[in-house]
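What follows is one structure encoded as structure tokens, with my remarks underneath.
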Amino acid sequence: TNEEQEIEEEIKNVDIDASEVSSRLFKILSGDVIKTSKIRYGKTGQDFQFGFKLDDQAHGPQRELAVHFISPEYPYSSEEIRMHSAGKDELRVILDPDARVLSDLRLLIKTEKYIKRKQGASISAIQGQILQAKGAQNVDREKELVERVKASVGKSTLVINAADITSNSQDALVRVTDGFQDLITRTYTQLKLLGGATYSEQQIAGAANPDSSLFDADSASTLAEPAEEVLSFVLRKEALGEQLTVKTIADAFTAKPYGWDLASIEVLVAFLIGTSKVTLTVDGNVLKRSEVATALRNTQKHAHAVVSPQKTFDEHKVASFRRFCTDFFDEGSTPKDPLELARHGADRVRAKRDELKAT
């Protein structure tokens with residue numbers, strides 16, 4: 001009808017800009033196709049967050065890693081796209097060309113804008129019916145677009161640092177996840193220091209208290225190498241006269257080239273405390289091993305929890321004081337760590353003094 005032709009012509013003439021098309025395509029890619037902002041690394045079970053980019057434009061929060069979609073209208077050749085990816089910590093997903101995707105996307109946006117604009121105006125009953133039909137048609141158009149974008153991602157070319165990455169899957173999310181595995185491996189080259197293990201906050205107390213037997217000899221040896229890496233970092237900062245906090249350590253080791261998760265870093269700091277390599281000070285007080293887990297689990301305290309290399313003590317004096325505690329208090333076992341031994345002895349002497357005063 002004349003009304004339909006007139007409305008269709010008016011829809012075609014609706015002005016939209018490139019940013020609207022880009023934002024809508026990003027919304028489909030992130031919200032309908034990928035549906036997540038973190039991907040699990042198969043080798044460790046660790047989740048890595050990432051930021052989204054589309055045709056060089058950042059969308060949403062950005063992270064150290066990125067999934068960068070390249071649309072069919074990107075103004076560079078495939079070889080140039082590969083060259084531009086060199087040195088970047090991102091997975092480039094070059095969408096399989098679909099000639100109609102972006103033109104249909106523009107029509108979708110124009111129709112939405114037109115219907116919204118007309119809803120507030122006085123229109124005839126016939127025009128109202130046409131707009132209603134156009135709206136229903138647009139809903140179907142969007143569903144079809146989502147499926148076509150999924151198919152385009154499923155057949156996409158994956159590129160990291162100028163090299164193509166292979167994936168045997170044509171499922172959009174699985175294909176991107178496959179590429180992301182390579183990106184993590186290439187970016188976090190020191191992730192392997194954790195030996196393929198990740199640790200939980202429930203293990204912090206066991207790491208800080210070796211006598212608890214929560215870590216056997218094999219587990220302790222797995223912790224030793226990454227813990228030495230953390231200790232070297234602490235000693236370097238100490239030599240530069242910098243005060244080091246748990247937050248400083250966490251920021252350094254969650255970033256590249258490490259990519260360690262926060263709980264594992266907390267366990268490693270606790271392990272260094274348990275092996276008498278470092279001390280943890282909060283509000284001017286050096287914490288007992290039994291207090292370490294609570295402080296490390298509280299991320300709000302990380303910026304104020306100071307990590308320092310543990311001072312060395314005269315072994316003969318330590319051994320002499322241990323013998324005194326064993327003999328005077330008639331105890332079968334005393335703490336092995338010098339600081340813990342000093343606290344233990346001081347507490348027992350105070351208790352004995354109070355006992356004598358009371359008699």
Just Gln190, Gln49, Gln243 to compare: in a GNM of the chain, with alpha carbon springs under 10 Å, which one fluctuates most? Gln243
So what are the chain's ellipsoid semi-axes, whole angstrom, largest first, if each one is the square root of 5 times an eigenvalue of the alpha-carbon gyration tensor? 63, 23, 16
For a test of the definition: using alpha carbon positions, the gyration tensor, and the 1.5 limit on a/c, classify the stretch 241-283 as rounded, prolate or oblate. oblate
Give me the accessible area of Phe324, 1.4 Å probe, in Å² rounded to the nearest 10. 90
Where does helix 315-328 land angle-wise versus the long Cα axis of the chain, in degrees 0 to 90, nearest 10? 70
Going by accessible area, probe 1.4 Å, with all protein chains left in place, what is the ranking of Arg186, Arg40, Arg148, largest first? Arg40, Arg186, Arg148
Apply 1/(1 + (r/R0)^6) to the Cβ-Cβ distance of Lys113 and Ala303, taking R0 = 41 Å, and write down the FRET efficiency to the nearest 0.05. 0.30
List Glu228, Glu147, ordered by accessible area with a 1.4 Å probe, largest first: Glu147, Glu228
Cross-link reach list, lysines versus Lys288, counting only Cα pairs under 27 Å and skipping chain neighbours closer than eight places: Lys237, Lys247, Lys277, Lys301, Lys311, Lys317, Lys336, Lys352
Carbon/sulfur accessible area of the chain, % of total, 1.4 Å probe, equals 49
When each pair of different Cα atoms in the stretch 226-359 is counted once in the 1/r mean, what is the Kirkwood radius in angstroms, to one decimal? 16.4
In the neighborhood of Gly128, defined by Cβ-to-Cβ distances under 13 Å, what is the net charge if each Lys or Arg adds +1 and each Asp or Glu adds -1? 0
Under 26 Å Cα to Cα from Lys35, which lysines show up? Leave out anything in the same chain fewer than 8 places away. Lys27, Lys43, Lys53, Lys88, Lys110, Lys113, Lys143, Lys150, Lys155, Lys256
What is the helix-to-structure angle for 262-274, meaning the angle in degrees between its Cα long axis and the longest Cα principal axis of the chain, kept from 0 to 90 and rounded to the nearest 10? 10
Per-residue counts of other Cβ atoms within 10 Å, averaged by peptide: what ranking do you get for 85-91, 14-20, highest first? 85-91, 14-20
CD proxy, 222 nm, the chain: helix-only mean residue ellipticity via -39,500 (n - 2.57) per DSSP H run with n ≥ 4, per residue, nearest 500, stands at -17000 deg cm²/dmol
Quick one: helix 2-12 against the long Cα principal axis of the chain, what's the angle to the nearest 10°, folded into 0 to 90? 40
What accessible area per residue, rounded to a whole number of Å², is obtained for the stretch 23-102 using a probe radius of 1.4 Å? 49
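The values are calculated or read from the model by the stated rules, or taken from the named source; none is laboratory data. Keep in mind that this is a model prediction, so the values were computed, not measured. Note that we place each Cβ from the backbone using ideal geometry, even for glycine, and neighbour counts take in every protein chain shown. Accessible surface is based on the protein model in full, side chains and every heavy atom, while ligands, DNA and RNA are left aside. Shrake-Rupley method; radii C 1.70, N 1.55, O 1.52, S 1.80 Å.
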